[in-house]
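Trainee: Got a structure for you, written out below as structure tokens; questions coming shortly.
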Amino acid sequence: MRKIVLILLGCLSTVLITSYTNYTSETIPLKDVFKGKFHIGVALNTRQIWGRDTNALKIVKTHFNSVVAENCMKSMSLQPREGQFQFRDADQFVEFAAQNNMFTIGHTLIWHSQAPRWFFVDEHGNEVSREVLIERMKNHITTVVSRYKGRIKGWDVVNEAILDDGSFRKSKFYTIIGEDFIRLAFEFAHAADPQAELYYNDFSMSLEGKRNGVVSMINKLKKQGVRVTGIGMQGHVGLDYPKISDFEKSMLAFSGTGAKVMITELDVTVLPNPRRNTGADINQNYEYKKAINPYIDGLPDAVEAKLQDRYLDFFRLFLKHHDKISRVTVWGVTDGDSWLNNWPVFGRKDYPLLFDRQYKAKPFVEMISRISTKK
Ligand code: XIL
């Protein structure tokens, strides 16, 4: 009798343990959690695109249904010299996405950053004319968008054209062509793939000035008959900025233009912003370094808790407005992949993403699932 009871207890504990381990964030695919609400996406680096980071790929295939290339589709990578396109990495990215049935995003066609210098100068190094720059833009956009027609579903057509105060960034595109470069970029992209979704994408989108600047730019484009289907809020945020209410105001304002809203590059830095520190005492150097890179041995519980609250607050907001959002994309698979380890200071250790350096889902990933499935 005792033997039977022991066996039964043994079975019961196995069942309990199995169901507990099954109920971890590793096995609740985020893409199922948000099904019917919005796509959940991730940015891929070239090690992932080429299948070298197999642990990361397991996460990508399990949890995400949308991908974007972190770097290899920027103009500097695609057309490093005029007319000499390099499509190796981008082709592989699109192939990977197709094989895994992912909603594929192209990032980014027109951006002042990571653009090759030749784009703006002639063979003597002098600035090109408006006509030449428009022609180069047209050629770049047409070549790239046509190549992936039907396979890339959405393009970040213009990235970061508006400053925090709502005025236009004085990029080369702006100073040489004028604000019309934005309209032209969208028109060229639309002509090359009329089915593709076309987005305007930018950071610090919760600032009032930028919010107003973007809304009036989009409304003006709409009046001109230009097709802008979405507005991407990059979502590079911190533990204490921006206020969720400001982020929400922008989501609503952008949605009010009739565009789909998407959170395109989500990461939450836990590190101090070095630009708030001033002074130049070289003896303070060690202290200073330690102060701006405080978590090299791991994240203290209190900071982990703050990070968790922050992620939960943001996802609560996204879920509240899921009818206005078409996608949430995180900017990297694991903490080890994040660009924030090297920006704005090189060689720090940040913890901004959903998966840690051991490829494990952070505890709040499961909590996100629970708030999503809660009625
Ligand atoms: C970053 C990449 O993550 C880095 O690897 C690269 O060195 C610089 O660019 N806004 C954008 C992204 O639109 O393309 C940037 O990506 C991050 C800020």
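The values are calculated or read from the model by the stated rules, or taken from the named source; none is laboratory data. Just so it is clear, the structure is predicted and the values come from calculations on it, not from any experiment. Glycine also receives a Cβ, built like all others from the backbone with ideal geometry; neighbour counts cover every protein chain displayed. The area values use the complete protein model at the heavy-atom level, side chains included, leaving out ligands, DNA and RNA. Shrake-Rupley method; radii C 1.70, N 1.55, O 1.52, S 1.80 Å.
Trainee: From the residues in the range 335-351 that are surrounded by 17 or more Cβ atoms within 10 Å (Cβ to Cβ) and within 11 Å of the ligand (Cβ to nearest atom), which one is nearest to GLN48 (Cα to Cα)?
Mentor: ASP337
Trainee: Helices (runs of 4 or more DSSP H) wholly in the range 177-275 with at least 1 residues that are within 16 Å of the ligand (Cβ to nearest atom) - which ones? Spell out the reasoning first.
Mentor: Values: elements: 180-192, 208-223, 244-255.
Here the list reads 180-192, 208-223.
Trainee: Could you run through the range 248-260 and say how many residues are open to solvent by less than 10 Å² (accessible area, probe 1.4 Å) and either among the acidic types (Asp, Glu) or under 12 Å from MET205 (Cβ atoms) (or both)?
Mentor: 3
Trainee: In the set LYS249, LYS170, LYS153, LYS243, which member is free of Cβ contacts under 8 Å to residues at least 40 places away in the same chain, over 24 Å from LEU340 (Cβ atoms) and among the charged types (D, E, K, R)? Quick ask: steps written out before the conclusion?
Mentor: On the way: LYS249 fails: free of Cβ contacts under 8 Å to residues at least 40 places away in the same chain; LYS153 fails: free of Cβ contacts under 8 Å to residues at least 40 places away in the same chain; LYS243 fails: over 24 Å from LEU340 (Cβ atoms).
Checking each option against the conditions leaves just LYS170.
Trainee: Right, next: Take the residues in the range 192-225 that are β-branched (Val, Ile, Thr) and open to solvent by less than 10 Å² (accessible area, probe 1.4 Å), then tell me which one is nearest to TRP331 (Cα to Cα).
Mentor: Pass one, the range 192-225, residues β-branched (Val, Ile, Thr): 214-215, 218.
Restricting the remaining residues to those that are open to solvent by less than 10 Å² (accessible area, probe 1.4 Å) gives 214, 218.
Values: VAL214: 22, ILE218: 25 Å.
Looking at residues that are β-branched (Val, Ile, Thr) and open to solvent by less than 10 Å² (accessible area, probe 1.4 Å), I get VAL214.
Trainee: Go through ILE141, ILE152, ILE110, ILE134 for me and flag whichever is on the phi < 0 side of the Ramachandran plot, β-branched (Val, Ile, Thr) and within 13 Å of the ligand (Cβ to nearest atom).
Mentor: On the way: ILE141 fails: within 13 Å of the ligand (Cβ to nearest atom); ILE152 fails: within 13 Å of the ligand (Cβ to nearest atom); ILE134 fails: within 13 Å of the ligand (Cβ to nearest atom).
The match here is ILE110.
Trainee: Let me ask something else. Can we say LYS31 is in contact (Cβ under 8 Å) with a residue 40 or more places away in the chain and either assigned to a helix (DSSP H, G or I) or at negative phi (or both)?
Mentor: Numbers: in contact (Cβ under 8 Å) with a residue 40 or more places away in the chain: no; either assigned to a helix (DSSP H, G or I) or at negative phi (or both): yes.
So LYS31 fails the test.
Trainee: Next question, about the same structure. Determine the pairs where a residue that is farther than 20 Å from HIS236 by Cβ, located within the range 254-271, has a partner that is among the aliphatic types (A, V, I, L, M) and within 16 Å of the ligand (Cβ to nearest atom) with Cβ atoms under 7 Å apart, the partner being 6 or more residues away or on another chain.
Mentor: Every condition considered, the pairs that remain are ALA259/ILE231.
Trainee: Something else: Hey, among the residues in the range 62-103 that are open to solvent by 40 Å² or more (accessible area, probe 1.4 Å) and among the hydrophobic types (A, V, I, L, M, F, W, C), which one's farthest from GLN114 (Cα to Cα)?
Mentor: Among those that are open to solvent by 40 Å² or more (accessible area, probe 1.4 Å) and among the hydrophobic types (A, V, I, L, M, F, W, C), it is ALA98.
Trainee: It is to be established whether one or more residues within the range 140-161 are within 21 Å of the chain's Cα centre (by Cα) and closer than 21 Å to LEU252 by Cβ.
Mentor: no
Trainee: If you don't mind, there's one more thing I want to ask. Mind counting the residues in the range 226-243 that are farther than 13 Å from LEU207 by Cβ and open to solvent by less than 40 Å² (accessible area, probe 1.4 Å)?
Mentor: 8
Trainee: Moving on. For residues that are part of a loop (DSSP other than H, G, I, E, B) and open to solvent by 20 Å² or more (accessible area, probe 1.4 Å), scanning just the range 313-334, find the one that is farthest from THR264 (Cα to Cα). Before the answer, list the steps.
Mentor: Step one: list which residues in the range 313-334 are part of a loop (DSSP other than H, G, I, E, B), which gives 321-324, 331-333.
In the following step, the residues that additionally are open to solvent by 20 Å² or more (accessible area, probe 1.4 Å) were identified as 322-324.
Numbers: HIS322: 14, ASP323: 16, LYS324: 14 Å.
So, considering only residues that are part of a loop (DSSP other than H, G, I, E, B) and open to solvent by 20 Å² or more (accessible area, probe 1.4 Å), the one farthest from THR264 (Cα to Cα) is ASP323.
Trainee: In the range 341-348, is there at least one residue being out of contact with any strand residue (DSSP E or B) (no Cβ under 7 Å at 6 or more places or on another chain) and among the basic types (Lys, Arg)? Spell out the reasoning first.
Mentor: First, the residues of the range 341-348 that are out of contact with any strand residue (DSSP E or B) (no Cβ under 7 Å at 6 or more places or on another chain): 341-348.
If we keep only those that are among the basic types (Lys, Arg) as well, we get 348.
Yes: the range 341-348 contains one or more residues that are out of contact with any strand residue (DSSP E or B) (no Cβ under 7 Å at 6 or more places or on another chain) and among the basic types (Lys, Arg).
Trainee: Search the range 155-166 for residues being over 17 Å from LEU198 (Cβ atoms) and either open to solvent by less than 40 Å² (accessible area, probe 1.4 Å) or aliphatic (A, V, I, L, M) (or both), and hand back the single one that is farthest from the ligand (Cβ to nearest atom). Outline the logic, then answer.
Mentor: Residues of the range 155-166 that are over 17 Å from LEU198 (Cβ atoms), as a first pass: 163-166.
Next cut, either open to solvent by less than 40 Å² (accessible area, probe 1.4 Å) or aliphatic (A, V, I, L, M) (or both) only: 163, 166.
Working: LEU163: 15, GLY166: 19 Å.
Per the criteria, the residue is GLY166.
Trainee: Now, a different point. Within the range 355-367, does at least one residue satisfy the condition of being in a loop (DSSP other than H, G, I, E, B), open to solvent by 50 Å² or more (accessible area, probe 1.4 Å) and touching a helix residue (DSSP H, G or I) at 6+ places or on another chain (Cβ under 7 Å)? Full working, then the answer.
Mentor: Kept after step one, since they are in a loop (DSSP other than H, G, I, E, B), are these residues of the range 355-367: 356-360, 362.
Within this subset, residues satisfying the condition of being open to solvent by 50 Å² or more (accessible area, probe 1.4 Å) are 357-360.
Of the ones still in play, those that are also touching a helix residue (DSSP H, G or I) at 6+ places or on another chain (Cβ under 7 Å) are 357, 359.
Yes, because at least one residue in the range 355-367 is in a loop (DSSP other than H, G, I, E, B), open to solvent by 50 Å² or more (accessible area, probe 1.4 Å) and touching a helix residue (DSSP H, G or I) at 6+ places or on another chain (Cβ under 7 Å).
Trainee: Going through the range 94-107 one residue at a time, which ones are in contact with a helix residue (DSSP H, G or I) (Cβ under 8 Å, 6 or more places away or on another chain) and either within 14 Å of the ligand (Cβ to nearest atom) or among the small types (Gly, Ala, Ser) (or both)?
Mentor: Within the range 94-107, GLY106 is the sole residue that qualifies.
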